Amino acid sequence: MPVKSLPVRDGSVHFRLFQQYLVLLKKYPILTKSVTSGILSALGNLLSQYLEARKKAKSGAEVSDIDVAGAARYAIYGLIITGPVSHFFYQLMEVWMPTTDPFCLVKRLLLDRLFFAPGFLLLFYFVMNILEAKGWEDFEKKLRKSYWTALKMNWKVWTPFQFINVNFVPVQFRVLFANVIALFWYAYLASVRK
């Protein structure tokens, strides 16, 4: 007895959204990854603001309004930097370290953790400083104050996820996988950069 396929319109909303995402990913890979990165980066910032407001409310401190400009800066960063840079990095990684390389699992992780992560975090600090319209002194101050702490936390938090991402997630989904993890990571960065 043949198995009957369900038309997409009869599927769940999640399934239809995922189908649409796949179509857009195939047709416009960089744009789709960039928009997804922008949305999830902004949500990470909003999550950070929400958690901070909850903590303030519990301690009896005055809770400030949502910083829409802050969420917009994260959206811009995700759209212009995270999506395209991550797309090309993962594509190049496939060329530089194909799965036929006997040590590709370790090499990919080391490339990501020792070169990409420090540079990408530095780029984050730099671009956010520009988007906040701050001067060079403020950039240096934030680097001295929190870059090393953030990088060590990045290595602790991201290493197991990136091991899975760069070695087992299909290349077209790596930016999405990283963006989902980054939702929480950007919440952390938003709080540590203050």
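The values are calculated or read from the model by the stated rules, or taken from the named source; none is laboratory data. Bear in mind that the values here come from a model prediction, so they are computed numbers and not experimental data. So basically every Cβ, Gly included, is an ideal-geometry build from the backbone, and we count neighbours across all protein chains shown. Ligands, DNA and RNA are stripped out before the accessible areas are found, and what is left, the full protein with its side chains, is counted by its heavy atoms. Shrake-Rupley method; radii C 1.70, N 1.55, O 1.52, S 1.80 Å.
Angle check, please: helix 13-27 long axis (alpha carbons) against the longest principal axis of the chain (alpha carbons), in degrees 0 to 90, nearest 10. Compared with the principal axis, the helix lies near 90 degrees. Counted residue by residue at 0.36 nm each, then reduced by the alpha carbon distance between them, the extension gain from residue 115 to residue 76 reaches 11.7 nm. Once R0 is set to 41 Å, what does the formula 1/(1 + (r/R0)^6) return for the Cβ-Cβ distance between residue 156 and residue 20, expressed as a FRET efficiency to the nearest 0.05? Efficiency, rounded to the nearest 0.05: 0.70. Would you please state which residues of the range 145-182 a label at residue 101 would reach in this model, taking the label point 7 Å out along Cα→Cβ and a backbone N cut-off of under 11 Å? Taking a point 7 Å out along Cα→Cβ of residue 101, no residue of the range 145-182 has its backbone N under 11 Å. Measuring how big the range 35-108 is from its alpha-carbon positions, Rg and Dmax come out at 18.6, 58 Å. Each Lys and Arg adds +1 at its Cβ and each Asp and Glu adds -1 at its Cβ; summed about the Cα centre, the range 32-192 shows a dipole of about 400 debye. Surface calculation, 1.4 Å probe, protein heavy atoms: residue 140 sits at approximately 70 Å² accessible. Principal-axis analysis of the Cα atoms of the chain puts helix 117-131 at an angle of about 60° to the longest axis. Compared with the dominant principal axis of the Cα atoms in the chain, helix 174-192 is inclined by about 10°. The candidates 54, 144, 113, 73, arranged from most to least accessible area with a 1.4 Å probe in the full protein assembly, appear as 144, 54, 73, 113. Given the pairs 26/156; 55/142; 55/145, which span a C-alpha to C-alpha distance of over 25 angstrom in this model? In this structure, 26/156 exceed 25 Å between Cα atoms. Our Cα-only numbers for the chain put the radius of gyration and Dmax at 19.0, 72 Å. Looking at the chain, the accessible area is 60 square angstrom per residue; that uses a 1.4 Å probe and ignores ligands, DNA and RNA.
Taking the protein heavy atoms of the chain in the context of the full set of protein chains, the accessible area attributed to carbon and sulfur is 71 percent at 1.4 Å. Accessible-area rank, largest first, for 99, 82, 149, 159: 99, 149, 159, 82, with all protein chains present and a 1.4 angstrom probe. Using a probe of 1.4 Å, the accessible surface attributed to residue 65 totals some 140 Å² when neighbouring protein chains are kept in position. Each eigenvalue of the Cα gyration tensor of the range 80-192, multiplied by 5 and square-rooted, gives one semi-axis; in descending order these are 27, 14, 13 Å. Placing a pseudo-label 7 Å from each Cα along the Cα-to-Cβ vector at residue 62 and residue 30 gives an inter-label distance of 4.7 nm.
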